[in-house]
Each structure stands twice: as C-alpha cells, then as structure tokens.
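The values are calculated or read from the model by the stated rules, or taken from the named source; none is laboratory data. Small disclaimer: the values here were computed from a predicted structure and weren't measured. Glycine gets a Cβ as well: all are built from the backbone with ideal geometry, and neighbour counts include every protein chain shown.
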Amino acid sequence: MNRPHWAPPEVDTTRPSVARVYDFYLGGSHNFESDRTFGRAVLGQFPELVQTARDNRAFLRRVVSRLSAEGIDQFLDLGSGIPTVGNVHEVALAVNPTARIVYVDHDPVAVLHSREIVRSLPGVTVLSGDLCAPQEVLRDAVAEGGLDLDRPVAVLLVSVLHFVGDERRPADVVAGYLDAMVPGSYLVLSHARSDGRRDMSDVAEIYRNSKNPMRFRSHEEVSELFGSLTVLEPGVVPIPLWHPESDDDIPPDVDSGYPGLCGVGRRDAAV
C-alpha cells in the first residue's frame, strides 16, 4: 500500500496500534489495514464496542465542558490518541480561549497528526511520552507545554489504563500525577469493566495476542484507582450514566450490562 503523508517513515504499518484501532472504532480515517483487520476481529466478538467508544468520547466532552465551566483551564490528556471531533482542545477552548491543553501519547502517528492539527493553536501542545513515567511526562508538560503545577490541573486518563498491566502498578501511576497537583485538581478516568453482565474474555484474548494486551478491571478495582480523592457524584458508574445530556443516551441494560466505567475525582488535600 502507499504510505499516507501523515504516517512517519519509522511506523510499521503492518502492526496495529491501540490509538489507530480506537480511531477505527470511532469512524476515523487515520488507521491502516492492519488496524482495521484487528478492529474487525474485536467487533466480531463485541460489535457494541463502536457505541461504547462513542459513549466514551461523549463522556470526555461532557466532563471537559463541565470542568471548564467551573474554571479549570489546564488539561493533561494522557494516552490522548488521534484527534477526532470533540477533542479536549475543541471543548476547552470554546469555553475559555486561554485554556492550556497538553496531549501525551507514545504512538508516533498519533503524535505527528495531533501536532499537525493543533500547530496553529496557542496553548495546545502535543508530547511524545510514556504515561507510566509521571515524572518525565510532568517535566515535559511544564517545560514544553507550559503547565503551571501551582494551579489546578485536570488529569485525563480516558480509556487508557486498561492497557496498563498490574505489573506497572496503575494506582501508583495515577498517584504519581496527582501527588504533583495542588488541591482543586481533578482526575478524569474511564476504564473497561470485567464484572458487567457481558463476559469480556473473548475480547481480552484477542488483545492478549497483540502488543497491547488489555486488563479489564472490576468496579471495585476501578474505584480503587481514585485513591483518597473525593469522587464526584454520581460516583464510579457506567459511562452513559455520568451526567447524561438526555435520557435517550442511556441504554436499557446500562446498570448490569455496560462494559465501561468512569468517574471524576477531585484532590481536596494531600493524596
């Protein structure tokens, strides 16, 4: 196949990546045949994942809009992926044109294309980095992205921590960011769920055989990721139930069957 202009030469187009497969689920165009083949295999086992991905993006828009309206003007989006409609900078800048947004991803296509999208936008920075290295990411976010850690920051871990295995201690990763934040900062998190009515073992098996295995977690495990943060109402809930814009956005089996959880925590004191 011809290599598209947005694909860096060092990228192996024959190997799927999490960021590009997610772009495929969302109906984006920045993915390769390897990503689409992988994504179709997952959708063959779990066709509802397309709607789940859209619900997750809608949650991101709702929470960024809400936090922006409450005065949060700094956002650190970890594992940000490839820009599609409704990204953090679009929502935040619509509320506050002086907001500062730092995107972080390790996928070179996501980084390159994100930089192309936001290059003319002051206050928006794209970094290449490993979200499991909080000290390095925060150093670059301050030096290159202009984040002011003496003021509140919203740390976004949306649909990404299920790609962090237990051996990398995701709770410690989260704490590594929040420990550096002042009171009034927020953690925004969504995560694939292991204890819903739907058995996700077939989906987990497909990802297990890729370079990005997934670790589905229970409601209790996802809740524990918030540590001692104050979790805002309505708590850790199925994604469509976090302040939906309409009752029409809530699926009928959401309480027991929905495969993803989300929540927002606020740092009120030392974590």
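Filter the range 73-99 down to the residues that are over 22 Å from S246 (Cα atoms), crowded, with 23+ Cβ neighbours inside 10 Å and of a type in the set (V, I, T) and list them by number. Residue satisfying the conditions is I82 alone. Among the candidates S120, S128, the residue that is surrounded by fewer than 22 Cβ atoms within 10 Å (Cβ to Cβ), without any contact (Cβ under 8 Å) to a residue 60 or more places away in the chain and closer than 28 Å to D172 by Cα is uniquely S128. The set of residues in the range 207-220 that are assigned to a loop (DSSP other than H, G, I, E, B) and either surrounded by 12 or more Cβ atoms within 10 Å (Cβ to Cβ) or among the polar types (S, T, N, Q) (or both) comprises N209, S210, N212, P213, M214, R215, F216, S218. Of all residues in the range 221-263, exactly one satisfies the criterion of being part of a helix (DSSP H, G or I), in contact with a His (Cβ under 9 Å, 6 or more places away or on another chain) and crowded, with 21+ Cβ neighbours inside 10 Å, namely V222. The set of residues in the range 146-163 being buried (at least 16 other Cβ atoms within 10 Å of the Cβ) and touching a Lys or Arg at 6+ places or on another chain (Cβ under 7 Å) consists of L147, H162. State whether one or more residues within the range 55-65 are at positive phi and either more than 12 Å from the chain's Cα centre (by Cα) or surrounded by fewer than 17 Cβ atoms within 10 Å (Cβ to Cβ) (or both). No, there is no match, as no residue in the range 55-65 is at positive phi and either more than 12 Å from the chain's Cα centre (by Cα) or surrounded by fewer than 17 Cβ atoms within 10 Å (Cβ to Cβ) (or both). Only residues that are touching a strand residue (DSSP E or B) at 6+ places or on another chain (Cβ under 9 Å) and either of a type in the set (D, E) or under 14 Å from S114 (Cβ atoms) (or both) were counted in the range 77-95, giving 10.
Restricting the first member to the range 78-94 and to residues that are within 21 Å of N31 (Cα to Cα), and the second to residues that are in a loop (DSSP other than H, G, I, E, B), the beta-carbon pairs closer than 7 Å and six or more apart or on different chains are L78/L131; L78/V160; G79/L131; G79/V160; I82/G28; I82/H30; T84/L26; T84/G28.
Of the residues in the range 27-38, none is buried (at least 21 other Cβ atoms within 10 Å of the Cβ), of a type outside the set (A, V, I, L, M) and on the phi > 0 side of the Ramachandran plot.
Restricted to the range 24-40, and to residues there that are out of contact with any helix residue (DSSP H, G or I) (no Cβ under 6 Å at 6 or more places or on another chain) and at pLDDT 90 or above, the residue that is farthest from R3 (Cα to Cα) is R40. Just one of the listed residues (S185, S120) is polar (S, T, N, Q) and at pLDDT below 95, namely S120.
The set of residues in the range 188-239 being charged (D, E, K, R) and modelled with pLDDT under 85 consists of R197, R198, D199, K211.
Going through (1) of a type in the set (V, I, T); (2) crowded, with 17+ Cβ neighbours inside 10 Å; (3) at pLDDT 90 or above; (4) within 18 Å of the chain's Cα centre (by Cα) one by one, V18 falls short only on (3).
Across the range 175-187, the number of residues qualifying as assigned to a loop (DSSP other than H, G, I, E, B), among the small types (G, A, S) and surrounded by fewer than 22 Cβ atoms within 10 Å (Cβ to Cβ) comes to 2. Taking the range 188-206 as the range and being polar (S, T, N, Q) and surrounded by fewer than 17 Cβ atoms within 10 Å (Cβ to Cβ) as the test, only S201 passes.
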